[in-house]
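Here is the structure we will look at.
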Amino acid sequence: GYFYSRWNKCIHSSHDLSDIVFIDNYIFNKDVHIQFNSTVGKYVGYTEHGVYNAELWNNNTGILQSERAQVERYCKHNAEAYQTVVADKS
């Protein structure tokens with residue numbers, strides 16, 4: 001059989017969230033074949049199929065804008081909520 005998954009994560013180390021990074025991975029048979037990294041600002045393909053799709057997606061400004069917006073919409077929103085619940089308690 002085949003195994004497909006998609007996972008994303010937000011990484012930061014500063015309390016003010018100024019260094020937050022959004023990573024979105026597309027995984028097929030346990031290997032990342034496409035990745036969006038907000039520090040790069042575009043998709044990167046790691047397999048033949050991944051390179052093909054990354055080129056298509058990078059040429060679609062709507063898709064790229066949506067992924068780039070995830071830093072504010074998804075990462076910062078959730079990180080601020082987590083900090084309020086966990087880190088800001090004494």
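The values are calculated or read from the model by the stated rules, or taken from the named source; none is laboratory data. Every value quoted in this text rests on a predicted model; they were computed, and no experiment measured them. No Cβ is skipped: glycine too gets one built from the backbone with ideal geometry, and neighbour counts run over all protein chains shown. SASA here: full protein model, heavy atoms, side chains in, ligands and nucleic acids out. Shrake-Rupley method; radii C 1.70, N 1.55, O 1.52, S 1.80 Å.
Some points to look at:
- Computed 3J(HN,Hα) for the stretch 59-66, one whole-Hz value per residue from the Karplus formula 6.51 cos²θ - 1.76 cosθ + 1.60 where θ = phi - 60°, is 8, 9, 5, x, 5, 5, 4, 5, glycine and proline marked x.
- Sites listed here are chymotrypsin sites (Phe, Trp or Tyr not before Pro) in the chain whose DSSP assignment is loop and whose Cβ has at most 11 other Cβ atoms within 10 Å: TYR2, PHE3.
- Computing volume of the Cα convex hull per residue in Å³ directly from the structure and comparing it against (i) 110; (ii) 334; (iii) 151 singles out (i).
- In the chain the longest region clear of trypsin sites (Lys or Arg not before Pro) that are loop-assigned by DSSP and have at most 16 other C-beta atoms within 10 Å covers 31-88.
- Computed helical MRE - 222 nm, the chain, DSSP H runs ≥ 4 contributing -39500 (n - 2.57), nearest 500: -8500 deg cm²/dmol
- Averaged per residue, the chain has 68 square angstrom of accessible surface, using a 1.4 angstrom probe with ligands and nucleic acids left out.
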